[in-house]
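Here's the structure we're looking at; comments come further down.
The values are calculated or read from the model by the stated rules, or taken from the named source; none is laboratory data. This structure is a prediction, so every number in the text was calculated from the model and none was measured. Here the Cβ positions follow ideal geometry from the backbone for every residue, glycine too, while neighbour counts run over all protein chains shown. Side chains are part of the model used for accessible areas, which takes the heavy atoms of the whole protein and leaves out ligands, DNA and RNA. Shrake-Rupley method; radii C 1.70, N 1.55, O 1.52, S 1.80 Å.
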Amino acid sequence: MTAETSELGQRDLATVWHPCTQMKDHESLPVLLVKKAKGVWLEDFEGNRYLDAISSWWVNIFGHCNEKISQAVRRQLEQLDHVLLAGCSHEPVIQLSEQLVEITPAPLTRCFYADNGSSAIEVAIKMSFHYWRNRGQMCKTRFVNLSNSYHGETMGALSMGDVALFKEVYQPLLLDTITVPSPDSFHSEPGETPQDCARRMFSHMEAVLQKHHEEVCAVIVEPLVQCAGGMRMYAPEYLSLLREACDRYGVHLIADEIAVGFGRTGTMFACEQAGIAPDFMCLSKALTGGYLPMSAVLTTEGVYEAFYDEYENLNAFMHSHSYTGSALGCAAALATLEIFEEDNVIDANRKLSQELAKQCARFNDHPNVVDVRQCGMIVAIELAKDKATREPFPWQQRRGLQVYRYGLQHGVLLRPLANVVYFMPPYVITTEEIRMLVDVAERGIEFAVRGEGQGR
């Protein structure tokens, strides 16, 4: 380690509190200090390179320092940096809204902007609740979610999730949600297809909506993949059944496409695979290609009209964020959408997905791998102590951390979710880089399951 790296590391630990991190870990595990990045590669201050296998928390879909997006942001910076969106507007936000309406499922026609994914969830749940209030249905105050779901860290968004690690300590502060068992295919019965599992598990949702629909504002789901819940996946049939039931019982459907939107699951938006449109679609992360924090909530004309009224009736949606509709963020998003259109990204991703599947087939027979699952450009490899019984490794052993350590030592940035090693690489990754990534992960898994240095 050079003197420069050592000094930067000391300065970091003296002032920076890192997210989703037990800071004491950094007594033995140095912070990765990144000096620059290009494409799928990060580079530290000593010239070491690391393949960004998780798109820096699922945002940099077209790689770091993408020239098209960089140029778009630079051009916008010379003309308009920021203006409030209350009473003002600008061309980039108008263009982006038009394009989002065009590419998302009908009848989504209105765009409301926020700063990040959690904020988008806050917008959607407040808007749903407020809609029913404006329509005179004051008894609708609750939300239905899925077990093992995750929707963000702000209080409303955290209430919508069900991952104990993030939620449990804050439970006294949170909204009272109704949690329905997930249709997660990992828990399929012997001989049951993912489609059969989805249909069987939907009976729980049906029962809850039948009993509680008069008090429920909306059901919120992550379409197809529960990402922070361990990349657990389920069949599109569940979404089709859910859309029909929400219509039948008079309940909104909120689709959290923050992580799975923009081509990640094999279609532009995951909802497309079920042929449905939600009442609210929450977008963020890849929206700006990983350049700037921004989110959008798309909703229907019917929802919009419930707030369109004379001011004195006090039915307006009085929600705002300082950087709502950031001109720079819009410029990055427009460039991102242009890449999708010009480079035929969805078709190109199918070939990359096939290569990921081919390379990851090696894990199916591994004695400590109980599941290898894939949805488009997401692959998850679930580790366990016993393959036959699916007994997990004790969480205290932190086997995933050992995979992470090994990856860094061999040029790959992985960030496993407990015992789940996953890949969500940028779409500009090559087949050679996929092979390198999977090779390192395979050796990292071997390192981890042998228990070398576990828990440290």
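Taking a straight line from the alpha carbon of Lys358, these aspartates and glutamates sit under 18 Å away, with near neighbours fewer than eight places off in the same chain left out: Asp347, Asp371, Glu382, Glu432, Glu433, Asp439, Glu442.
Per residue, the average separation of C-alpha pairs within less than 8 Å and at least 6 apart gives the chain a relative contact order of 20 percent. Under the rule a/c < 1.5 gives rounded, and otherwise a/b versus b/c splits prolate from oblate, where does region 318-446 land using the Cα gyration tensor? Since a/c reaches 1.5 and a/b is larger than b/c, the shape of region 318-446 is classed as prolate.
How high is the relative contact order of region 349-444, in percent, with contacts defined as C-alpha pairs under 8 Å that are six or more residues apart? In percent, rounded to a whole number, it is 27. Of all DSSP beta bridges confined to region 202-303, the antiparallel ones make up roughly 45%.
With a/c under 1.5 counting as rounded, go ahead and sort region 235-345 into rounded, prolate or oblate using the C-alpha gyration tensor (a ≥ b ≥ c being the square roots of the eigenvalues; past the cut-off, prolate if a/b is larger than b/c, else oblate).
oblate
At a 10 angstrom cut-off on C-beta neighbours, averaged per residue, how do the peptides 94-106, 430-442, 230-242, 10-22 rank from highest to lowest?
On the way: 94-106: 16.2, 430-442: 18.1, 230-242: 23.2, 10-22: 10.1.
Ranking, from highest mean packing down: 230-242, 430-442, 94-106, 10-22.
Rounded, prolate or oblate: which fits region 180-283 when a ≥ b ≥ c are the square roots of the eigenvalues of the alpha-carbon gyration tensor, with rounded for a/c under 1.5 and prolate only if a/b beats b/c? Judged from the Cα gyration tensor, region 180-283 comes out oblate (a/c at least 1.5, b/c at or above a/b).
Working ranking of peptides 126-133, 316-323 by packing, defined as the average number of other Cβ atoms within 10 Å per residue, highest first, is 126-133, 316-323. Going down the list Lys36/Lys285; Lys38/Lys68; Lys140/Lys211; Lys140/Lys285; Lys351/Lys387, which pairs span over 22 Å between their C-alpha atoms? Going by Cα-Cα distance, Lys140/Lys285; Lys351/Lys387 fall outside the 22 Å limit.
Protein heavy-atom accessible surface, 1.4 Å probe, per residue over the chain: 45 Å². With both partners inside the chain, how many of the DSSP beta bridges are antiparallel, as a percent to the nearest 5? Around 70 percent of the beta bridges assigned by DSSP in the chain are antiparallel ones.
Within the assembled protein chains, the solvent-accessible surface assigned to Arg200 is about 80 Å², based on a 1.4 Å probe.
Of the solvent-accessible surface of the chain, computed with a 1.4 Å probe and all protein chains present, 52% belongs to carbon and sulfur.
Determine which aspartates and glutamates satisfy two conditions relative to Lys35: a Cα distance under 13 Å, and not lying fewer than 8 residues away in the same chain. Correct list for Lys35: Glu4, Glu43, Asp44, Glu46.
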